[in-house]
Amino acid sequence: MLNIIWLVLLVGSAAVAVFTGQVKEVVLAATESAGSAFKLALGFTGIMALWLGLMRIAEQSGLIGAFTRWISPLMQFLFPRIPDGHPALGSMTMNIVANMFGLSNAATPLGIRAMQDLDTLNCHKGTATNEMCMFLAINTSSVQLVPASAIALLAAGGSSDPTVVIFPAIVATCASTVAGILAARLLSGLRRFRQEPSEKAEP
Amino acid sequence: MKGMQELSAIASNLIFLSFLVGIPVYGFFKGVRVYESFVDGAKEGFEVAVRIIPYLVAILVAVGMFRASGALKLITEAIPGVLNALGLSPEVFSLILIRPLSGAASLGLLGEIVATHGPDSYQARLGSVIIGSTETTLYVVAVYFGAVMVTRVRYAIHAGLIADAVGVLAAIAVCRLFFA
């Protein structure tokens with residue numbers, strides 16, 4: 001899927017660029033985007049280090065363990081194959097909480113940490129596990145409760161009531177999260193999405 | 001309502017700060033050597049950032065080319081019939097298309113909608129709710145899987161895009177109910 005989307009974006013953009021005469025702009029965009037991807041990753045280093053450091057303290061003090069036990073019924077329902085008390089449950093929970101509050105600066109490092117914890121349970125490195133896909137489905141469905149940046153734009157435009165969108169957004173985001181969870185659950189059963197063609201028992 | 005918004009900004013900052021200060025304080029009282037522990041964890045930050053570079057380059061270059069090519073405008077102009085049936089303006093439709101690819105571009109489009117239709121218009125509110133109920137799926141997939149060097153992502157994108165589509169449909173339904 002990623003292969004096809006990527007290729008379609010590249011080929012499609014090039015074809016359209018020739019058609020609309022935007023070739024120069026597209027070439028410029030390609031080189032500039034490559035540079036900004038690098039800058040983005042480097043700029044990310046500091047905040048990544050900050051949250052990884054805090055996570056280590058939270059782990060060693062038992063805070064994550066306590067938090068995980070508290071929320072574990074829900075996590076066990078979503079991730080039944082992850083053993084009880086595994087660090088991935090803690091880091092995923094932290095990521096989802098940070099996302100709900102709209103702390104994207106914290107959510108991304110915590111989410112990456114969660115992916116690394118999930119990868120320790122992965123016996124086919126380089127291939128996503130069911131748990132990774134479920135976690136990504138929850139993340140990409142947006143669990144943010146208040147769309148702060150959209151509200152800021154409405155307010156900046158002079159809206160008389162920018163926060164009016166909060167309740168509809170919560171309703172819609174709940175719908176999308178439920179859909180993401182259901183989709184991940186259902187798709188995991190499809191033959192074409194098996195982890196390995198010769199898959200025996202999964203971990 | 002200005003007050004509400006300030007309140008929500010203050011709340012977000014307080015939550016952030018309580019994580020930032022609360023975790024070390026809790027750790028200290030639990031007997032953790034907080035400074036050593038923090039530095040030990042933070043060490044991995046650079047490594048992770050470097051590891052995601054190739055994945056970010058792949059996605060951002062493709063999305064950047066797509067945005068610069070004007071393909072979005074072409075697609076939007078090609079199917080206006082569907083839009084009218086759903087009560088969407090072409091700008092909102094562009095927003096829906098670009099949303100899984102780029103957060104900055106979708107916020108930019110929302111800014112345009114606010115400027116052309118007005119901040120209290122149905123279209124501006126719908127756009128805001130759509131942004132609130134969807135995510136930049138492709139970017140999240142690239143960064144999260146990049147960090148563990150997973151390239152075979154199986155059904156992760158399918159599930160993410162289904163969630164986005166349901167989010168958009170729910171946003172349209174709810175906005176019709178509340179604002180139309």
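The values are calculated or read from the model by the stated rules, or taken from the named source; none is laboratory data. Since we're looking at a predicted model, the values are computed, not measured. Don't worry about glycine lacking a Cβ; one is built from the backbone with ideal geometry, like all the others, and counts go over all protein chains shown.
Listing for the model above:
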{"item": "Hits in the range A:90-106 (condition: buried (at least 24 other Cβ atoms within 10 Å of the Cβ) and under 15 Å from the mean Cα position of the chain (by Cα))", "result": "A:Ser91, A:Met92, A:Met94, A:Asn95, A:Ala98, A:Ala106"}
{"item": "Positions within the range A:125-169 being of a type in the set (Asp, Glu) and either on the phi > 0 side of the Ramachandran plot or buried (at least 20 other Cβ atoms within 10 Å of the Cβ) (or both), in sequence order", "result": "A:Glu131"}
{"item": "Out of A:Leu154, A:Leu145, A:Leu103, A:Leu118, sole residue that is under 23 Å from A:Pro87 (Cβ atoms) and out of contact with any Asp or Glu (no Cβ under 7 Å at 6 or more places or on another chain)", "result": "A:Leu103"}
{"item": "Residue ID - farthest from A:Ala14 (Cα to Cα), chosen from residues in the range B:64-91 that are at pLDDT 90 or above and of a type outside the set (Ser, Thr, Tyr)", "result": "B:Gly64"}
{"item": "Filtered residues of the range B:108-136 (kept if outside any helix (DSSP H, G or I) and free of Cβ contacts under 8 Å to residues at least 12 places away in the same chain)", "result": "B:Gly118, B:Pro119, B:Asp120, B:Ser121"}
{"item": "Qualifying residue in the range B:102-116 (condition: closer than 30 Å to A:Gly189 by Cβ and among the hydrophobic types (A, V, I, L, M, F, W, C))", "result": "no"}
{"item": "Flag if B:Met149 is at the interface with another protein chain (Cβ under 7 Å from one of its Cβ atoms), among the hydrophobic types (A, V, I, L, M, F, W, C) and on the phi > 0 side of the Ramachandran plot", "result": "yes"}
{"item": "Complete set of residues in the range B:27-77 that are facing chain A (nearest Cβ under 7 Å) and outside any helix (DSSP H, G or I)", "result": "B:Lys30, B:Val32, B:Ile52, B:Gly70"}
